[in-house]
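Student: Here it is: the structure, laid out below.
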Amino acid sequence: MNNATMEHLNTSFPANPATVREGFATQRAAGLRAKDAAETLGLSEGAVVQAHTGAHDRSLQSTPLVGGQWLAILQALEACGPVMALTRNETVVHEKDGIYRNLTQEGPIGLCVNPDIDLRLFFMHWHAGYAVTEPGRGGVLAHSLQFFDSAGVAVHKVYARPASDLDAWNALVARFADAGAQHTFQPRAAQPAVAPDSSIDVTGLRTAWAAMQDTHEFFGMLKKFGSERQQSFRLTQGKFCEPLATGVVTELLQRAAAASTPIMVFAGSKGCIQIHSGPVNNIKPLATPGAAQWINVLDAGFNLHVRTDRVVSAWLVRKPTSDGVVTSVEVFDDTGEVVAMFFGVRKPGQPELTAWRDLAESLERL
C-alpha cells in the first residue's frame, strides 16, 4: 500500500474495539498476515493492536508498553537470549535471528551493532509499543514486541524464538507494561514535493559527490543541495549512477549465492534500518498468478522477502570514499522511498570486495 492509500486509513483508535477484534479474527482465519488483515478493515496495524488491549476473549492479546523507554526495552532483551528482529516496509521484509547486545543512544538515534542483530534506530519515529501474544503455527503461542510510528505503521518488531528465555521475556513485559495506555494514531502526512530539477545546482552536486570521503556524508550532501535521492541519481548519472533493470534483486541474490559473495542487505522503516552482513544461500522465488511476486532468502538465521512486482526502479550507485569507491545497488518502489540497499561486506578502512564490485557492475542495465 502506498502513501496515498495510507492517508485514507482510519488510523486512530477505533470507536468499537470489539467490532475490530471480530473483523480482524475473521481476516486472520482466512490466512491474511496481520498487516494485510488490518488494512482490509481500513485500519492501521497499530490501531488494530491497540483495539486488542484490555480484557477480551480473542486469541490476540496486547499490552501497551511504557512510551519513550525504547532503548531500555531493547537493552532488556539481551536477557531473553536468541530472538528474531523484524523490520519491514511496503516491499521488503528483513528478518534476522540473534541477541540484542551493544545498544547505545545519542539523542534520538540508537545503535545496535553486532554480527547478527545490526540496527540503526530512529526513535523520533517511535510512537507506541506493545507486547503481543497470538497463536502461531501448530497453536503454539507466539510472543512479540511490536513498535509503531504515529500513523500506526510498524517500525520494528521482535519475536521470541524456541531458544528464547520466556521467563526473562515475561519479566521484561511486566517491567515495562503500561496496561491502561490508550495510544492514538494519526494519518501520515503527505510526502513533500520533490524540488524541480531546475532548482538544483547540478554542477555543485557533482563536485560535492566527487569529493566525498565517507558514505555517511551522502545524506548531508542531498540536504545541502535540496535534492531528493532518486533525483540526485538522475542528475549525476553516468560516472556516479546508472539505472538498472527492475528485476535486478533476483539477479543479484542468485548470483551472490552462486558465487558465495558475502553481501550487506539494508532494509528499513522510518524508525529502523536493519542490516544483514554475510553470505546468502537459499534463494527461492514465489509467484502466484495475478498476485504478489516475491524473491526470498530462506537461510538459517536470516530471511529476506522482496516483493518484486512492487519494484519500480533500481540504481547502481558509486560513492567515493577514503577507502576507494563504494558500490551499492539501491531499490525503490512506488512510494518513492528506497526500500532496500545492497553492498559488499566491508569494514571501515578496507576497500570493498572485488567480487562484489564485479557482480554489481555486471548487473543488467535498464
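The values are calculated or read from the model by the stated rules, or taken from the named source; none is laboratory data. Small disclaimer: the values here were computed from a predicted structure and weren't measured. Here the Cβ is made from the backbone with ideal geometry for all residues, glycine too, and neighbour counts use every protein chain on show. Each accessible area value is taken on the protein alone, full model and side chains, heavy atoms only, with ligands, DNA and RNA left out. Shrake-Rupley method; radii C 1.70, N 1.55, O 1.52, S 1.80 Å.
Student: Tell me the helices (runs of 4 or more DSSP H) entirely within segment 154-234 that contain at least 2 residues that are under 26 Å from Ile273 (Cα atoms) and under 24 Å from the mean Cα position of the chain (by Cα).
Tutor: Because the criterion is at least 2 residues that are under 26 Å from Ile273 (Cα atoms) and under 24 Å from the mean Cα position of the chain (by Cα), the helices (runs of 4 or more DSSP H) in segment 154-234 that meet it are 166-176, 218-225.
Student: I'm trying to understand the selection: among the residues of segment 300-315, which are surrounded by fewer than 18 Cβ atoms within 10 Å (Cβ to Cβ) and under 22 Å from Asp116 (Cα atoms)?
Tutor: Passing the criteria: Ala300, Gly301.
Student: Considering each of Ala131, Ala151 in turn, give the residue that is touching a residue at least 12 places away in the same chain (Cβ under 8 Å), over 19 Å from Gly301 (Cβ atoms) and in a loop (DSSP other than H, G, I, E, B).
Tutor: The conditions single out Ala151.
Student: Still on this model: For segment 234-267, how many residues meet the condition of being in contact with a Leu (Cβ under 9 Å, 6 or more places away or on another chain) and closer than 26 Å to Arg307 by Cβ? Even if it seems obvious, please write down each step before you answer.
Tutor: In the first step, residues of segment 234-267 are kept if they are in contact with a Leu (Cβ under 9 Å, 6 or more places away or on another chain); the result is 235-236, 241-246, 248, 251-253, 255-256, 259, 261-263, 265, 267.
After this cut, where a residue has to be closer than 26 Å to Arg307 by Cβ as well, the list is 241-246, 248, 251-253, 255-256, 259, 261-263, 265, 267.
Here the count works out to 18.
Student: Mind checking which residues of segment 51-98 are more than 21 Å from the chain's Cα centre (by Cα), part of a loop (DSSP other than H, G, I, E, B) and among the β-branched types (Val, Ile, Thr)?
Tutor: Thr53, Val66
Student: I need the full set of residues from segment 112-153 which are open to solvent by 50 Å² or more (accessible area, probe 1.4 Å) and more than 15 Å from the chain's Cα centre (by Cα), in order please.
Tutor: Val113, Pro115, Met124, His127, Pro135, Arg137, Gly138, Gly139, Val140, Leu141, Ser150
Student: Which residues, counting only those in segment 10-41, are closer than 17 Å to Ala154 by Cβ, part of a loop (DSSP other than H, G, I, E, B) and modelled with pLDDT of 55 or more?
Tutor: Of everything in segment 10-41, those that are closer than 17 Å to Ala154 by Cβ, part of a loop (DSSP other than H, G, I, E, B) and modelled with pLDDT of 55 or more turn out to be Leu32, Arg33, Leu41.
Student: Condition check: touching a Phe, Trp or Tyr at 6+ places or on another chain (Cβ under 8 Å) and not hydrophobic (A, V, I, L, M, F, W, C). Does Thr184 satisfy that? I'd like the intermediate steps shown before the answer.
Tutor: Working: touching a Phe, Trp or Tyr at 6+ places or on another chain (Cβ under 8 Å): yes; not hydrophobic (A, V, I, L, M, F, W, C): yes.
It is true that Thr184 is touching a Phe, Trp or Tyr at 6+ places or on another chain (Cβ under 8 Å) and not hydrophobic (A, V, I, L, M, F, W, C).
This table checks each residue for (1) open to solvent by less than 10 Å² (accessible area, probe 1.4 Å); (2) not small (Gly, Ala, Ser).
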| site | (1), (2) |
| --- | --- |
| His216 | no, yes |
| Gly220 | no, no |
| Gly226 | no, no |
| Gln231 | yes, yes |
| Gly247 | no, no |
| Glu251 | no, yes |
| Gln254 | no, yes |
| Ile263 | yes, yes |
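Student: Can we say His216 is of a type outside the set (Ser, Thr, Tyr) and modelled with pLDDT under 95? Outline the logic, then answer.
Tutor: Numbers: of a type outside the set (Ser, Thr, Tyr): yes; modelled with pLDDT under 95: yes.
Yes.
Student: Out of all the residues in segment 321-366, which are among the acidic types (Asp, Glu) and either open to solvent by 60 Å² or more (accessible area, probe 1.4 Å) or over 16 Å from Gly278 (Cα atoms) (or both)?
Tutor: If the condition is that a residue be among the acidic types (Asp, Glu) and either open to solvent by 60 Å² or more (accessible area, probe 1.4 Å) or over 16 Å from Gly278 (Cα atoms) (or both), then Asp323, Glu330, Asp333, Asp334, Glu337, Asp358, Glu361, Glu364 are the ones that fit.
Student: Can I ask one more? Scan segment 204-218 for residues that are within 15 Å of Val326 (Cα to Cα) and free of Cβ contacts under 8 Å to residues at least 12 places away in the same chain and report the count.
Tutor: Qualifying residue count, segment 204-218: 2.
Student: Would you check which residues across segment 76-97 are open to solvent by 10 Å² or more (accessible area, probe 1.4 Å) and either more than 23 Å from Phe332 (Cβ to Cβ) or among the charged types (D, E, K, R) (or both) and list them?
Tutor: Result: Ala76, Glu78, Ala79, Gly81, Pro82, Met84, Arg88, Glu90, Glu95, Lys96, Asp97.
Student: Within segment 281-299, is there a residue that is surrounded by fewer than 18 Cβ atoms within 10 Å (Cβ to Cβ), under 20 Å from the mean Cα position of the chain (by Cα) and touching a residue at least 60 places away in the same chain (Cβ under 8 Å)?
Tutor: Within segment 281-299, not a single residue is surrounded by fewer than 18 Cβ atoms within 10 Å (Cβ to Cβ), under 20 Å from the mean Cα position of the chain (by Cα) and touching a residue at least 60 places away in the same chain (Cβ under 8 Å).
Student: Among what's in segment 172-192 and is out of contact with any Asp or Glu (no Cβ under 9 Å at 6 or more places or on another chain) and of a type in the set (A, V, I, L, M), pick the residue that is surrounded by the most Cβ atoms within 10 Å (Cβ to Cβ).
Tutor: Leu172
Student: Oh, and also: List every residue pair whose Cβ atoms sit under 6 Å apart, with the two residues 6 or more apart in sequence or on different chains, where the first one lies in segment 73-96 and is over 20 Å from Ala163 (Cβ atoms) and of a type in the set (A, V, I, L, M, F, W, C) and the second, anywhere, is in a strand (DSSP E or B) and at pLDDT 95 or above.
Tutor: Val92/Ala267; Val92/Val306; Val92/Val339; Val92/Ala340; Val93/His305
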